[in-house]
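Every number here is computed from the coordinates shown, using simple stated rules; none is lab data. Since the model is a prediction, treat every value here as computed from it, not as a measurement. Cβ coordinates were reconstructed from backbone atoms using ideal geometry, including for glycine residues, and neighbour counts include every protein chain displayed.
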Amino acid sequence: MRGQVDRQSKMFSYRVVPEERVPKNHPLRRIKADVEKILFEMSPEFEALYSSTGRPSIPPETIMKAMLLIALYTIRSDRQFCEQLDYNILFRWFLDMSMDESSFDHTCFSELRRRVKDDSIALSFFAKVVEMAKKRGLLSDDHFTVDGTLIEAWASHKSFRPKDNSGDKPDDKGDVNYRGQKRTNDTHQSTTDPEAKLM
């Protein structure tokens, strides 16, 4: 009896269809439709990227759509995106992948970047996407976030001195007592990195 149940359970396969799992009002639906129009317009440019030899590769259009998802969802690396692609139904739907289709390797991104020696195709694609988003009213200038850990500066608070050379002189260690002084980018500048700004 148990063997019969095992055989029956192996025959039964529950098929997940990504299209059915993504809500009809999900904002990515509109974006996907517009992005596919953009990719269709750019198809002659993408056609030149296909190799006539070797094994079939991931279509460049799919990689471009994946790069858009990375930007929209602020995924920190190609490798992390490919890991998420293994289980993220929304990503698979956006890329027109079935649930049992193998995820692609993160090296596909670097391979596409190698083939697109000048970034004109990628820049053109993203420029068209941004233009489409503007027309749709999907962009907002309410706020802008920057990850400050990625901005390198050769400056510390102690390196900021008055632009007019007024104020206290540094002591033997090079330190200045700034108690009671207000420092701003208008009045002060770093002596070690003039482009650095106070936050």
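A few remarks follow.
- Between residue 188 and 163, the built amide H atoms are under 5 Å apart, and every one of these is 5 or more places off in sequence or on another chain.
- Applying 0.36 nm per residue to the separation of residue 166 and residue 74 and subtracting their alpha-carbon distance, the gain on full extension is 28.7 nm.
- Taking other residues whose beta carbon is less than 14 angstrom from the beta carbon of residue 80, and scoring Lys, Arg as +1 and Asp, Glu as -1, yields -2.
- Cα convex hull, the range 14-136: 116 Å³ per residue, rounded to a whole number.
- Extension reserve of the residue 135-residue 43 stretch, reckoned as 0.36 nm per residue once the Cα distance is removed: 30.9 nm
- All-pairs alpha carbon distance profile, the range 62-117, 10 Å steps from 0, percent: 24, 60, 16, 0
- Nearest-0.05 FRET efficiency for residue 36 and residue 90, computed from C-beta distance (R0 25 Å): 0.95
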